[in-house]
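K.L.:
Can you read through this structure? Questions will come right after.
Every read-out reported here was derived from the displayed coordinates using simple, explicitly stated rules and does not represent laboratory data. Just so we're clear, the structure is a prediction, and the values are computed from it rather than from any experiment. Glycine gets a Cβ as well: all are built from the backbone with ideal geometry, and neighbour counts include every protein chain shown.
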Amino acid sequence: MDFYTIQYREDKKEKIEVYPEFHVEDSKDLMIRGGAFRAAWDEERKIWTEDIYYVVRAIDRDIRKKINNMSSDPRYRDYEIIGKFMSSYSNGMWQRFKNHLKLSKDSYHDLNHKIVFADTEVTREDYASKRLPYSLCDEEPVAYNELMARLSPNDTLVVKSLDRLGRSYEEMIRQLDIITHEKGAFIVVLDLPILDSRNKYGDDLTAKLVLNLVIQIFSYVAQMEREMNHRRTMEGIAAAKAKGVQFGRKPMERPAIYESVRSRWAADEISAREAARLLGIALSTFRRWANE
């Protein structure tokens, strides 16, 4: 998470303290409201969590990782490495985090304004903290299929909102066409009064014209939305590249001893596997570097 880093400090008694340092800056991974914790972004689960103790566990996990890395480093062999964990109230780290929240400006959004299924791709900007345990893609809408099987000509189907007919504009339009044309039934959308296919416009021809216009408008909106999203994505990529942003994973830097190790490998003094071990990299990475 971007609102803290793990730091360490040495004292004169050959001790090292490893602790979290909280950043006084805007964070994309932390929501604060009224000086209190609101939510944090869980990158692994791709969802916002309202559990403040998730932050405690995440920071303590990073502290342990730092301690393990330092313990295996010969430079710190003679030091006693102490972790100042968030889960220990006596060391003051918990209170420091609470003070950080109090001193930070509000940065929150309303959560769960959309339904998230098990297979829904979620970003930070979706502001979702709950995910349904099932997928619409993997499971047949049994009840809806039964309803459609029983729908007969001149029946009236009433739905609260248009999105109850599908997860995308294309799917909703397809279902509208099935209901009104293939099934010959009427549909009433409570949240969209104009979408009422019952004959209330004077004659059948006018009613069909209005319904077809509504369907075509939604088709147009769907196409425009796709094109707009694509255009914004391409413009964003172009702007980022103009600022020097590199996309993809950052290339791994070659260790300082790379050239000498590669020379030994080229002279058949060591194998490629041994060269990779000396450099602390994967065998495939060494082979790629050696062939560049």
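K.L.:
In the set (1) 18.5; (2) 23.6; (3) 25.6, which value of Kirkwood radius over Cα pairs in Å was calculated from the structure you see?
P.N.:
(3)
K.L.:
Quote the relative contact order of the chain in percent (integer), defining contacts as alpha-carbon pairs under 8 Å separated by 6+ residues.
P.N.:
Values: 330 pairs, mean separation 31.3, N = 292.
The normalised contact order for the chain reaches 11 percent.
K.L.:
Give me the net charge for the shell around residue 237: Cβ to Cβ below 14 angstrom, other residues only, Lys and Arg +1, Asp and Glu -1.
P.N.:
On the way: positive: 231, 232, 241, 243; negative: 235.
Once all neighbours under 14 Å are counted, the net charge is +3.
K.L.:
Here's something else I'd like to know. Considering only DSSP beta bridges with both partners in the chain, what is the antiparallel share in %, to the nearest 5? Could the numbers behind the result be given before it?
P.N.:
On the way: 16 of 24 bridges.
Of all bridge pairs located within the chain, approximately 65 percent are antiparallel.
K.L.:
Right, here's the next one. Tell me which residues come under 5 Å, amide H to amide H, from residue 82 once H is placed; ignore anything under 5 positions away on its chain.
P.N.:
The list, which skips near neighbours in sequence, is 16, 17, 18.
K.L.:
Under 1.5 on a/c is rounded, so check that first for segment 156-198, then, if it is not, pick prolate when a/b is larger than b/c and oblate when it is not; a ≥ b ≥ c are the square roots of the alpha carbon gyration tensor eigenvalues. Let's see the in-between values first.
P.N.:
Details: a/c = 2.00, a/b = 1.05, b/c = 1.91.
Verdict is oblate for segment 156-198.
K.L.:
Per residue of segment 23-36, in order, report the coupling 6.51 cos²θ - 1.76 cosθ + 1.60 (Karplus, θ = phi - 60°) as ³J(HN,Hα) in whole Hz, putting x for Gly and Pro.
P.N.:
8, 8, 6, 4, 10, 8, 10, 9, 10, 10, 9, x, x, 10
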